[in-house]
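For reference, the structure discussed in these notes is given below.
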Amino acid sequence: MADVGIDAIEIRTGKLALDLAETFAPEMGEAPEKYTKGLGIYSSSLPDVYEDIVTMGANAAHRLMERQGLNLNDVGRIDVATESAFDNSKPVSTYIAGCLEQVFDGNLHHANKGERKFACISGTQSIDDAYNWIRAGRNRGRAALVIATDTALYARDDPGEATQGAGAVAMLIDTDPDVVSLSKEQGYGSADETDFLKPNQQFPSVDGKRSVQVYLARMREAVEDYESVAGDVRPEDFRFAPFHTPFPGMVRKAAMLGYRHMVRDTDIEDSLAPEIGRQPRREAFEDEDAFRDAVREYMDALKETDQYREWFGHAIEPTLDIAREVGNWYTGSVHVARASALKHAAERGEELTGEGLFIGSYGSGAQAEIHAETVQEGWHEEIEALDIDTQLDERYDLSFAEYEEIHDVHNHDKAVEVEELTAPTGEFVYDGRGRMNERKYRYVD
């Protein structure tokens, strides 16, 4: 059977921007470096009054379909991944389908529609579902539309507030893809964890320290599980390694863990031994604490080596470029990282066709997935069509007072009316409530 993968990508960011160094940090009484260097985020994208997860997802899907010359009959499945849903019964995909039916001829009555939930990993899970649907031959020649869309807000004064973001990534999954093909091999690390959750509440409850530990533990398990079916992973196997990016600072930790694992028992470890020694092995220590202390000491030394710094700058740093400007998009995070890496390569004239990507997805609660992707011949044209730079440049810069108002607008527990800060044009907008309290949407020319 032909390869299956991502045939097209579109990104839609919230139309407002909160500058963390110039606007947020002074109000918090913090040094700007806490955010720009510690978290690795410069600004957050936030939704205007008329934007939400439906409008951002529908606008991304609309532009993708127009660019690809698709009609509604070409789409046989719409899966929306989100952890910002506002209805416990009706999926966001039905709202987005309704939006698309406003601007395209025909309808999507034939399309299977659903909503995936497993924190931030559900975007990748939705791609997996579409992949399996196509490879099973149940698609009848149609493609799948996967949309990861979130408004990642935290309660005011929560430690996670600086990592907020809002946006959507729409992806067309089909045979003979233009962007990347997906590996059949996958690896998982999954456990019942309580690191980040929303028990019937809008804003998350987070154990920050525990969340980092769980993220790293599940990623390690997923890599080991992937290697059990795909063989050992080495740094030279992949051009980029896009990871789930709640904030770039966390990816730095995951990258260090991954690199240490990949170079164990290799020529790279041998070449580093005269400088920093060999990696600690568990069997050489009498207790777990001594082993962990030795590992931490080794990793502190490893991250200062030229070999690690070169690999990080080559394989990881380019995946973080967009995240630094938009913050965390939950389900869209790892897919923003992929697009960021490909965009970096396109801007520098790199030829990536045939190169590998090592994808690390994660969702709190908790599960990680590792899989590989192979860049396809049409990747450059597709990535060049993205207008994310224009979107970022055109965002409205919020004052802190405006940010407080916008946060209240999108707080489900508050009923406030605020004038929109930007003028919608050529896009779907939120249009109030219907008779059963459902959200309504319309297209503004």
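Before moving on, here are some points about what is shown:
- Qualifying position, being free of Cβ contacts under 8 Å to residues at least 24 places away in the same chain, within 30 Å of Y42 (Cβ to Cβ) and not hydroxyl-bearing (S, T, Y), among Q164, Q201: Q201
- Any hit, the range 252-271, residues being among the aliphatic types (A, V, I, L, M) and without any contact (Cβ under 8 Å) to a residue 12 or more places away in the chain: no
- Residue in the range 101-117 that is of a type in the set (V, I, T) and surrounded by fewer than 22 Cβ atoms within 10 Å (Cβ to Cβ) present: yes
- Checklist (1) surrounded by fewer than 18 Cβ atoms within 10 Å (Cβ to Cβ); (2) out of contact with any Lys or Arg (no Cβ under 9 Å at 6 or more places or on another chain) applied to F291, failing item: (2)
- Odd one out for Q202 among (1) farther than 30 Å from H412 by Cβ; (2) within 21 Å of the chain's Cα centre (by Cα): (1)
- R281 modelled with pLDDT under 95 and either loosely packed, with under 15 Cβ neighbours inside 10 Å or on the phi > 0 side of the Ramachandran plot (or both): yes
- The one condition from (1) aliphatic (A, V, I, L, M); (2) within 23 Å of D79 (Cα to Cα); (3) out of contact with any His (no Cβ under 8 Å at 6 or more places or on another chain) that L153 does not meet is (3).
- Test for L20: is it buried (at least 21 other Cβ atoms within 10 Å of the Cβ), over 16 Å from the mean Cα position of the chain (by Cα), farther than 14 Å from Q391 by Cβ and of a type outside the set (D, E): yes
- Scanning the range 231-256 for residues that are outside any loop (DSSP other than H, G, I, E, B) and surrounded by 18 or more Cβ atoms within 10 Å (Cβ to Cβ) returns P235, F240, F243, P248, M250, V251, A254, A255, M256.
- G313 surrounded by fewer than 16 Cβ atoms within 10 Å (Cβ to Cβ) and over 16 Å from H261 (Cβ atoms): yes
- Residues in the range 176-228 that are on the phi > 0 side of the Ramachandran plot and at pLDDT 95 or above: D176 only.
The values are calculated or read from the model by the stated rules, or taken from the named source; none is laboratory data. As the structure is a computational prediction, the values presented were derived from the model and not from experiment. In this analysis, Cβ positions are derived from the backbone assuming ideal geometry, glycine residues included, and neighbour counts consider all displayed protein chains.
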